Amino acid sequence: MSPPVAPPGWSRWLVPPAALSVHLSIGQAYAWSVFKPSLESALDLSGTQSALPFQLGIVMLGLSAAFGGTLVERNGPRWAMTVALICFSSGFLLSALGAATEQYWLIVFGYGFVGGIGLGIGYISPVSTLIKWFPDRPGMATGIAIMGFGGGALIASPWSAQMLESFGSDSSGIALAFLVHGLTYAVFMSLGVLLVRVPRPAKTAADGTPAPLEGVQVSANSAVRTPQFWLLWIVLCMNVTAGIGILEKAAPMITDFFADTSTPVSVSAAAGFVALLSAANMAGRIGWSSTSDLIGRKNIYRVYLGVGALMYALIAWVGDSSKPVFIIAALVILSFYGGGFATVPAYLKDLFGTYQVGAIHGRLLTAWSTAGVLGPLIVNWIADRQEEAGKSGASLYGLSLVIMIGLLVVGFVANELVRPVDARHHVPAQNQKEAADVHE
């Protein structure tokens, strides 16, 4: 499939909606928890078992983004969005069959493995194209799309809950809900497939062939051999670990923090807190990434990591005595969590150019997979050990918060060590024609 080149006069502002149609769809992954109680009841599963499709999906997201990034660069965004559509929708259809026949392994395979490939390819599919369309505002452009991934659950969560209420929460009702999801997302994602375009390459005056890309250009294979890649890997991993540590345990954390006070937090208030965190996550993706276009990528990560450490310190030392302090600090941390995801493609573009930035981004997302395990593990394991030791309330999280501060400091130092890529890793101009030809 050849990448569709924009005709003369094509508006670049049509590309972000194409990206959003994909990211809003695959962002449903964050709403998987809606299906957990029904699956546990209908198929007699434990909480750990019902989480398997989501966990496998996130693992496959990282792996498919890492190993499929070069294919996405070579074949273009329409090919990538088509693959994402087929895999993500097929994952739901296989899950519907699994629910209808009460074969849970098929739900794990369908949603987790097949759908997870769609997550990874879909997540990176528009990144390189957006950066090429918006060289003047790459942070804002990628922020718009990646905001969709954070916001997908805000749409999917009430929608999925309503379907289970209407169809029933038994195996046949779950199957019908999965079927509707698969078909609806196929239609919605097809809008992105049809709408996406790549910019026309610049031409040389002499022979009309594609001109070499301007500025520093580094291939994906060379990028992973540079210290800059691994420093950014550490930066992203530390920032995501800090955010996901709160996000994954938000409701019980705020409840525990104020359980022994005169104003305990109700279940409904804790749910409202989770919704606020999701909103902060979304707002940070577009707000902070757009700010990075003004103050620079290195400076914005100084804010994410430095101010983030201060917010964790506030929660650790005064959070249990003031609800406003706890809530505001947590909202700031989650806005940095979202902003870190949205800003990193532009940071990669600054360091490695646009030559294979999508492939490089895909490989960097292995930091997300690592943080997705590391963050919840730190918070949950330590909370369990503290509870076994007879502690309660805010003291369950004291050590976790200190560890998060330390991780953010590590990320801050890594960000400070980032320097321009050495010239020996640059792609010679004569070798760039092959990449430019992809967009012909």
_Extent along principal axes [Cα atoms of region 153-205; Å; largest to smallest]_ = 66, 20, 11
*Order the peptides 54-63, 341-350, 312-321 from the highest to the lowest mean number of other Cβ atoms within 10 Å of their residues.*
341-350, 54-63, 312-321
*asked:* What whole-number volume per residue, in cubic angstrom, does the convex hull of the C-alpha atoms of region 211-346 give?
replied: 118
_Once the Cα gyration tensor of region 305-365 is diagonalised, semi-axes √(5λ) in Å_ = 34, 9, 8
*Where the centroid of each part is defined by its Cα atoms, how far is region 1-21 from region 283-298 in Å?*
23
*Which ³J(HN,Hα) values, rounded to whole Hz and listed in residue order, are derived for region 131-147 from phi using the Karplus coefficients 6.51, -1.76 and 1.60 in 6.51 cos²θ - 1.76 cosθ + 1.60 with θ = phi - 60°, glycine and proline given as x?*
5, 6, 6, 10, x, 7, 9, x, x, 5, 5, 5, x, 4, 5, 5, 4
*Residue with peak Gaussian network fluctuation, the chain [Cα springs, cutoff 10 Å], from Gly122, Gly284, Gly398*: Gly398
*For region 1-150, just run the numbers: alpha carbon Rg, then divide by 2.2 N^0.38 Å, N being how many residues it has.*
1.14
*For the chain, report the accessible area per residue in Å² (1.4 Å probe, heavy atoms, rounded to an integer).*
39
*asked:* Quick check: at a probe of 1.4 Å, how many percent of the accessible area of the chain sits on carbon and sulfur atoms?
replied: 66
*What order do Ser369, Ser166 take when sorted by accessible area (1.4 Å probe), most exposed first?*
Ser166, Ser369
*Above 29 angstrom, tally the Cα pairs of the chain and express them as a % of all pairs, no decimals.*
47
*Would you please put 16-29, 65-78 in order of how densely packed they are, using the mean number of other Cβ atoms within 10 angstrom per residue and starting with the highest?*
16-29, 65-78
_Vicinal HN-Hα couplings computed from phi for region 349-356 (Karplus, 6.51 cos²θ - 1.76 cosθ + 1.60; Hz; Gly/Pro x)_ = 4, 4, 8, 10, x, 9, 3, 9
*Cα-based reach from Lys249 at 13 Å (exclusive), listing aspartates and glutamates while leaving out same-chain residues under 8 positions away*: Asp384
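The values are calculated or read from the model by the stated rules, or taken from the named source; none is laboratory data. Just so it is clear, the structure is predicted and the values come from calculations on it, not from any experiment. Cβ coordinates were reconstructed from backbone atoms using ideal geometry, including for glycine residues, and neighbour counts include every protein chain displayed. The accessibility values were calculated without ligands, DNA or RNA, using every heavy atom of the protein model including side chains. Shrake-Rupley method; radii C 1.70, N 1.55, O 1.52, S 1.80 Å.
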